[in-house]
Amino acid sequence: MEQALALAGLAVVLALASALVSLLARRVPATLRLAATPLLGLAGLAALAAGLIALVLGGTIQTTLPLGLPWLPWHVRLDALAGFFLLLIGVVTCAVGLYAPAYVRGFEHGHDSLAALGGFSGLFLTGMLMVVLADDAFLFMVAWELMSLSSYFLVAYHHEHSANRRAAFLYLLMAHVGGLMILLGYGVLAAFGTGFSFSELRAAELPPIWAGVAFALAFMGFGMKAGLVPLHAWLPEAHPVAPSHISALMSGVMLKVAVYGFIRFVFDLIGQFPWQWGVVVLIIGCLSALFGVLAALLQTDLKRLLAYSSVENLGIIFIGLGLSLVFLSTGYRSLGALAFVAALYHCLNHALFKGLLFLGAGAILHSTHERDLDQMGGLLRRKPWTGLFFLVGVLSISALPPFNGFVSEWLTFQAALQAWQLQSGVLRSLIPIASAVLALTGALVAVTFVKVYGVAFLGQARSRHVRRARPGPWGMQAGQGFLALLCLLLGVFPTWVIGLIDAVPRAILGGGLPQASAYGWLWLTPVSPQTASYSGPLIVLMLAGIGLTVFWGLNYLWSRGAPVRWIRRSDAWDCGFAPPSPRMQYTATAFAQPIRRVFGLLFQIDETMTRQEDGTLRHRLHIGDRFWGLLYLPIARAVESAARRVVLLQSGSVRVYLGWTLATLVGLLWIIT
């Protein structure tokens, strides 16, 4: 484990070096492409190696750094849970390290600061790594704020657009509100402990009421960073406006750091929890999954669609964590471990396929300068490798075998299907409803990404920029190909991956999945061989056999058929109509119209038709988030009203100010004494 901790430290040093080297980009723009982003990729490689070693060895190592406050040094710890999330951070960062040099080359001739992009990217990665390695509340919060502040500057990178500045401000505001809740949660634990280190917080004995307060604060704080409904408002605003490789890190990695924080706080530090906590997490997870996929289906902005899809996938992760809390609190530790592993596996899977999809969206944006699906089409001819890798991401996120998304969602279903073993009738009724929501979500995800791939990559190009698109540089294709290959491998060989992940529940929960590999690496049996099993390699062989059979069958029929006759080719009879044009194709807006009619009450829909001066009709559709009107706008109005009342205190009279100061001092003395 000492070697793993040394590699983790090396990853932090390389990330900081990437930030420092980026300062040279002010004078030499190529520094960002030739030095800073490769260092970022090396930092990811070191984190990947550290996490892999920690999972294989399964031990724990702690140390104290000569930093921090004189009476509160920084404590660092690497265990199986931290190792898993280091691996997750590292694998996506490696892909970004391959992808980013070619992508940022286009920024060298712009007006935005390359030093800011590289510097804050390095600090962003440093913050995420330090959050995972922190072993005390002080270092955790310092790293958390570093992660939040640096990502704020990355969201605001293209600050010349007012919408980007607004999105960055909203993100910063909600990040600090969430950080304050997390800080208060640690404060509750510290009030009943003897210090701020995690070992001391872990030993704190909390009364049930204060344990519930700490859980609520942590769930809101980490849930806000994870983008859970209704605290998700910042996510679809911030992720689309950041540079695409940063969007991949934010959606694929930063959201999982929030999941790590929740797991560390609730499963590790608190340790004991009632089943009601699991029900709350399960309900919020279901709401996030269903609302996220519906909102994604209605979007036409590709990156905004992927951002809402992250809300849906984080909902699936928290469904697994909610099931785990329910099973663990009712005494079913093996089922709790199964749901826990399903959530972790989906964390890793979502990091891979969502990182892949954001990198694919960045490749499209890089060559077409277009994010609107209704302006795309025919990209498969112009960008075949991006089309292939994006298809892998689409199949993975749609949970189709043999890709990785299927395995984690299948494991979540297997955990939910064991609800019959629970004694509580309420839980036996609630969990099947959650399973139905998860099934509906899966179907809607498939519809969403059929729309995305069909509209963007098939058919004819709808705009001049798309018609002029060309294949991207090899580095961008290599980053996408790396993640696409992992999406396939994690779906074909899930038993090996779960064998690594199983070290996490054994360390945190005290037990793992003894039956998962009962039939060897070929079969995955999460509950028992008699209950359910899955074999990725056999599915691949079956699909390959069907494909070869169809191919050879058609070839045989063609070779044994009638002699070939030459046929003159000409245009088909078009019934007197005009020849096909891109305007005749289905658009992303039209594709989602039936779903919009069914679930329209969940959104604020403004749809109008206006006639232009030339006689043509113009369709305008705006889909708003109803949570803005229900939750955020009332809070904003209340804050504005309070601010107007506070202004009345500014009378301009020194005597009035001295009077308020005296009243404040008297009040504080009364509270203290």
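The values are calculated or read from the model by the stated rules, or taken from the named source; none is laboratory data. Everything numeric in this text was worked out from a predicted model, so none of it was measured. Here Cβ is always computed from backbone atoms with ideal geometry, including for glycine, and neighbour counts include all displayed protein chains.
So, of the residues in the stretch 19-56 that are assigned to a helix (DSSP H, G or I) and of a type in the set (D, E, K, R), which turns out to be surrounded by the fewest Cβ atoms within 10 Å (Cβ to Cβ)? Spell out how you get there, then give the answer.
Step one: of the stretch 19-56, the residues assigned to a helix (DSSP H, G or I) are 19-26, 30-56.
With of a type in the set (D, E, K, R) added as a condition, the list becomes 26, 33.
Details: Arg26: 12, Arg33: 21.
The extreme case among them is Arg26.
Quick one: how many residues across the stretch 604-634 are more than 20 Å from Ala295 (Cβ to Cβ) and part of a helix (DSSP H, G or I)?
Number of matching residues: 1.
Every residue, every condition in (1) acidic (Asp, Glu); (2) in contact with a Cys (Cβ under 7 Å, 6 or more places away or on another chain); (3) more than 22 Å from Leu298 (Cβ to Cβ); (4) at pLDDT below 90, yes or no:
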residue: Asp372; (1), (2), (3), (4): yes, no, no, yes
residue: Ile397; (1), (2), (3), (4): no, no, no, no
residue: Asn404; (1), (2), (3), (4): no, yes, yes, no
residue: Ser435; (1), (2), (3), (4): no, no, yes, no
residue: Ala461; (1), (2), (3), (4): no, no, yes, yes
residue: Pro473; (1), (2), (3), (4): no, no, yes, yes
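Can you tell me which residue in the stretch 411-435 is nearest to the chain's Cα centre (by Cα), limited to those that are more than 13 Å from Val279 (Cα to Cα) and outside any helix (DSSP H, G or I)?
Going through the qualifying residues, I end up with Leu422.
Quick one: which of Phe591, Phe627 is touching a His at 6+ places or on another chain (Cβ under 9 Å), in contact (Cβ under 8 Å) with a residue 60 or more places away in the chain and either of a type in the set (Phe, Trp, Tyr) or assigned by TED's automatic domain parsing to the domain that holds Gly454 (or both)? Give the derivation first.
Working: Phe591 fails: touching a His at 6+ places or on another chain (Cβ under 9 Å).
Going through Phe591, Phe627 in turn, just one is touching a His at 6+ places or on another chain (Cβ under 9 Å), in contact (Cβ under 8 Å) with a residue 60 or more places away in the chain and either of a type in the set (Phe, Trp, Tyr) or assigned by TED's automatic domain parsing to the domain that holds Gly454 (or both): Phe627.
Within the stretch 111-142, track down each residue that is among the small types (Gly, Ala, Ser), part of a helix (DSSP H, G or I) and surrounded by 22 or more Cβ atoms within 10 Å (Cβ to Cβ).
Residues satisfying the conditions are Gly118, Gly119, Ser121, Gly122, Gly127, Ala137.
Determine which member of the set Gly459, Gly479 is in contact (Cβ under 8 Å) with a residue 12 or more places away in the chain and under 27 Å from Ala592 (Cα atoms). Walk me through it before giving the result.
Working: Gly479 fails: under 27 Å from Ala592 (Cα atoms).
Exactly one residue qualifies, and that residue is Gly459.
Among the candidates Leu269, Leu235, Leu255, Leu282, single out the residue that is closer than 21 Å to Gly212 by Cα and crowded, with 24+ Cβ neighbours inside 10 Å. Show your work before the answer.
On the way: Leu269 fails: crowded, with 24+ Cβ neighbours inside 10 Å; Leu235 fails: closer than 21 Å to Gly212 by Cα; Leu255 fails: closer than 21 Å to Gly212 by Cα.
Unique residue meeting the criteria: Leu282.
Given the criterion surrounded by 15 or more Cβ atoms within 10 Å (Cβ to Cβ), in a helix (DSSP H, G or I), in the same structural domain as Phe389 (by TED's automatic domain parsing) and in contact (Cβ under 8 Å) with a residue 24 or more places away in the chain, identify the matching residue among Gly491, Gly499, Gly512.
Result of the check over Gly491, Gly499, Gly512: Gly491.
Residues Thr661, Thr608, Thr616: which one is among the polar types (S, T, N, Q) and surrounded by 10 or more Cβ atoms within 10 Å (Cβ to Cβ)? Reasoning before the result, please.
Details: Thr608 fails: surrounded by 10 or more Cβ atoms within 10 Å (Cβ to Cβ); Thr616 fails: surrounded by 10 or more Cβ atoms within 10 Å (Cβ to Cβ).
Every option except Thr661 fails the conditions.
I want to confirm something. Restricting to the stretch 260-291 and keeping residues that are over 16 Å from the mean Cα position of the chain (by Cα) and polar (S, T, N, Q), which single residue is nearest to Val437 (Cα to Cα)?
Ranking the qualifying residues of the stretch 260-291, first place goes to Gln276.
Within the stretch 575-605, how many residues are closer than 27 Å to Leu231 by Cα, among the β-branched types (Val, Ile, Thr) and surrounded by 14 or more Cβ atoms within 10 Å (Cβ to Cβ)?
Residues flagged as closer than 27 Å to Leu231 by Cα, among the β-branched types (Val, Ile, Thr) and surrounded by 14 or more Cβ atoms within 10 Å (Cβ to Cβ) within the stretch 575-605 amount to 3.
Please pick out the residue among Ser310, Ser334, Ser324 that is in a helix (DSSP H, G or I), out of contact with any Ser or Thr (no Cβ under 9 Å at 6 or more places or on another chain), surrounded by 24 or more Cβ atoms within 10 Å (Cβ to Cβ) and not β-branched (Val, Ile, Thr).
On the way: Ser310 fails: out of contact with any Ser or Thr (no Cβ under 9 Å at 6 or more places or on another chain); Ser334 fails: surrounded by 24 or more Cβ atoms within 10 Å (Cβ to Cβ).
Checking each option against the conditions leaves just Ser324.
Got a sec? Which of Ile433, Ile508 is over 22 Å from Cys347 (Cα atoms) and out of contact with any strand residue (DSSP E or B) (no Cβ under 8 Å at 6 or more places or on another chain)? Steps first, answer last, please.
On the way: Ile508 fails: over 22 Å from Cys347 (Cα atoms).
Exactly one residue qualifies, and that residue is Ile433.
For every residue, the table says whether it meets (1) part of a loop (DSSP other than H, G, I, E, B); (2) among the small types (Gly, Ala, Ser); (3) at pLDDT 80 or above.
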{"site": "Pro563", "(1), (2), (3)": "yes, no, no"}
{"site": "Trp566", "(1), (2), (3)": "yes, no, no"}
{"site": "Ser570", "(1), (2), (3)": "yes, yes, no"}
{"site": "Ile595", "(1), (2), (3)": "no, no, yes"}
